[in-house]
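Colleague: This is the structure, below, for whatever I ask next.
Computed from the coordinates by the stated procedures, all read-outs in this text should not be read as laboratory data. Note that the coordinates shown come from a computational prediction; the quantities given were computed from them, not determined experimentally. A quick note on method: Cβ atoms are made from the backbone with ideal geometry, for glycine too, and the neighbour counts reach across all protein chains shown.
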Amino acid sequence: MKRLMVAALAAFTLAGCGSDEVATATADKQVSGEVVYFARIATPPGSQLLVQLHDGNGTLLGQQQQEVQGGPPFPYQVDYVDATTIHVSASLTFGDSDKVKFKLENKLLDLVKTDLILPLAE
């Protein structure tokens, strides 16, 4: 039922630093891919997927939030302001709950392999 996605996962750092400041320049690049998780759980109605791109200083370069339902993979597409280094964070909340079920934080984005695998949130 679940499609196995092959993605090279670099070690990611659970860095709490960052800022909610949005870059003021106009978005000039775009990245797209799919988000998957391996647990055999379907997302209920009202589930939200949030994908954010940050530069090395934690400045928000672009984001996409969308409602998802059913099982992965979930496609995403984010317009962003170009930067030297780009880090990606993604989270998935189930239903009307604000509790994050799956989360990937501050992973260095590989622009060739843009599919994301979300581990269970702690």
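Colleague: Under a 5 Å amide H to amide H cut-off, with H placed in plane at 1.01 Å, what residues pair with residue 101 once short-range neighbours are removed?
Modeller: 92, 93, 94
Colleague: Along the Cα→Cβ direction, 7 angstrom out, place labels at residue 28 and residue 85. What is the inter-label distance in nm?
Modeller: 2.2 nm
Colleague: Which net charge results when you count Lys and Arg as +1 and Asp and Glu as -1 among the other residues whose beta-carbon is under 15 Å from that of residue 45?
Modeller: So the environment of residue 45 carries a net charge of -1.
Colleague: Through the Karplus equation 6.51 cos²θ - 1.76 cosθ + 1.60, θ set to phi - 60°, convert the phi angles of the stretch 99-110 into ³J(HN,Hα) values in whole Hz; use x for Gly and Pro.
Modeller: So the Karplus estimates, Gly and Pro as x, are 6, 6, 8, 10, 8, 10, 10, 6, 8, 4, 7, 9 Hz.
Colleague: Can you list residues from other chains, or at least 5 along the same chain, whose modelled amide H is less than 5 Å from the amide H of residue 109?
Modeller: Answer set, sorted by chain and number: 86, 87, 88.
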